[in-house]
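Beneath this line is the structure, given in structure tokens, with notes to follow.
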Amino acid sequence: MSKTLFERICAREIPADIVYEDEHMVAFRDIKPQAPVHVLLVPRRPIARIEDAASSDQAVLGHLLMKAGEVARQLGLKNGFRLVVNNGPDAGEAVPHLHVHLLGGRALGWPPG
């Protein structure tokens, strides 16, 4: 089975503008940003999508959310930010490897999309 695009980025096989990484995840700038700050937080171990997550994934999912706040502070998002997890093609999922979009740097409207 071939690696996902995000597995290849995590393995440094494909270059990316990495803003944070640790043993559980990598955070890098999106190549098609939808806001002035658009970072993807990706677990190193692939989970296809949130509906496929198992109870054993709870720690890494919590880690992604906790680190999102840290990365947002690091990037100077003092007025707020949005976290988005797409699940399936109708939600805009383009890569079948769970990831959290961190968006900020401007006012974000509601409802989205």
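Excluding the site residues themselves, the longest part of the chain lacking any GluC sites (Glu not before Pro) in a DSSP loop with at most 14 other Cβ atoms within 10 Å is 24-113.
Rounded to the nearest 20 debye, the dipole size of the chain about its Cα centre is 360 debye, using +1 on the Cβ of Lys and Arg and -1 on the Cβ of Asp and Glu.
Annotation for Ala107 and Ile14: the two label points, set 7 Å from Cα along the Cα-Cβ direction, are 3.5 nm apart.
Return the loop-located trypsin sites (Lys or Arg not before Pro) in segment 17-96 (DSSP other than H, G, I, E, B) with at most 13 other Cβ atoms within 10 Å of their own Cβ; answer none if there are none. Answer by residue number: Lys78. With neighbour counts taken as other beta-carbon atoms within 10 Å, the residues Met25, Met66 rank, fewest first, as Met66, Met25. For the chain, adding -39500 (n - 2.57) for each run of n ≥ 4 DSSP H residues and dividing by the number of residues yields -6000 deg cm²/dmol at 222 nm.
Rule-based calculations on the coordinates, nothing more; no lab input. Here the structure is a predicted model, which is why all the values come from computation and not from measurement. Every residue, glycine among them, receives a Cβ derived from its backbone with ideal geometry; neighbour counts consider all protein chains shown.
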